[in-house]
Ligand SMILES: [Zn+2]
């Protein structure tokens with residue numbers, strides 16, 4: 001498997017060749033009288049890609065209307081050490097595009113080409129789009145995750161549950177890696193998410209210690225206007241919390257799949273808990289409170 005401290009392959013790497021082909025063809029036309037017989041056949045052969053059974057496929061014209069198939073980056077922790085993580089993600093029926101180890105100088109493996117589908121998100125949904133494996137890049141980070149919890153079911157807060165820390169070096173590595181992927185696929189900040197954001201009924205990774213705010217400060221991912229959030233929170237404290245139907249609609253507005261029941265049911269608690277893990281990690285019990293709802297309202 002390829003070591004990935006080098007640049008990942010550019011998804012549109014053919015376009016460089018095509019531009020060269022087009023330029024070469026124009027040059028050949030200008031020099032037609034001199035070189036037609038010797039040069040042109042060679043150039044044409046270079047522009048035509050060999051298809052099945054010798055079929056010639058002309059790639060010299062590229063459509064203006066196109067973009068990347070990748071719209072989302074999903075972050076995970078592995079709950080396993082370096083060796084086990086690598087073995088599981090390369091040999092079993094799960095995978096990810098990238099694996100970032102927890103060594104002092106983190107090693108970055110690319111296990112799946114970005115043009116291909118890795119099996120990391122499972123049943124998932126974001127902004128109403130399901131099957132995120134088909135449209136996302138998955139990054140697994142070596143981290144033990146939730147190491148102990150006094151209670152099962154939805155969780156309380158870092159004070160009650162014990163979580164594994166991410167190292168400064170891992171975070172630094174992730175910023176470089178994610179920024180490169182973002183730029184190449186034009187990924188919007190709101191589409192850099194955790195597994196728990198896209199599968200809140202099943203998943204809690206990358207967990208409340210994942211430093212989303214620090215990443216946002218470095219231009220990776222979405223954050224809310226903190227002044228505005230405090231203002232909204234003060235209003236909620238003064239006037240009372242809005243109804244659950246409002247919370248559900250707001251969660252959907254910012255990407256989360258949430259029931260439209262108007263009830264604080266298990267699915268809504270899990271979605272709000274995932275929101276809290278991402279934006280208010282000090283407590284992620286999935287219960288509406290003024291601070292959480294202020295952040296939710298302030299989130300673009
Ligand atoms: Zn995961």
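Only the coordinates and a few stated rules stand behind these numbers; no lab work does. The shown structure was predicted, so the numbers you read here are calculated from the model rather than taken from an experiment. Cβ placement follows ideal geometry from the backbone for every residue including glycine, while neighbour counts extend to all protein chains displayed.
How would 162, 297 line up from fewest to most surrounding beta-carbon atoms within 10 angstrom?
Numbers: 162 12, 297 22.
Result, fewest neighbours first: 162, 297.
Output the antiparallel fraction of DSSP beta bridges having both residues in the stretch 72-217, as a percent to the nearest 5.
Values: 7 of 19 bridges.
Bridges in the stretch 72-217 that DSSP calls antiparallel: roughly 35 percent.
Which whole number in µm²/s is D for the stretch 145-252 by Stokes-Einstein, with the Kirkwood Rh taken over Cα pairs at 4 °C and 1.567 mPa s? Walk me through the intermediate numbers first.
On the way: Rh = 16.4 Å.
Value of D from the Cα-based Kirkwood radius: 79 µm²/s.
Would the stretch 199-300 count as rounded, prolate or oblate if I go by the C-alpha gyration tensor, calling it rounded below 1.5 in a/c and otherwise prolate when a/b exceeds b/c, oblate otherwise? Provide the component values of the computation, followed by the final result.
Details: a/c = 1.78, a/b = 1.10, b/c = 1.61.
The shape class here is oblate.
Along Cα→Cβ, 7 Å out, is where each label goes; now give me the distance between the ones at residue 50 and residue 180 in nm to one decimal.
Reported label-point gap for residue 50 and residue 180 is 3.1 nm.
At a Förster radius of 30 Å, what calculated FRET efficiency corresponds to the Cβ-Cβ distance of residue 245 and residue 130, to the nearest 0.05? Walk me through the numbers before you get to the answer.
Details: r = 23 Å, r/R0 = 0.78.
Efficiency at R0 = 30 Å is approximately 0.80.
For 283, 253, what's the fewest-to-most ordering of other Cβ within 10 Å of each Cβ? Write out the running numbers ahead of the final one.
Numbers: 283 20, 253 14.
Ordered from fewest to most neighbouring Cβ atoms within 10 Å, 283, 253 come out as 253, 283.
Please arrange 64, 266 by how many other C-beta atoms lie within 10 Å of their C-beta, fewest to most. Can you show the working numbers first?
Details: 64 4, 266 13.
Ordered from fewest to most neighbouring Cβ atoms within 10 Å, 64, 266 come out as 64, 266.
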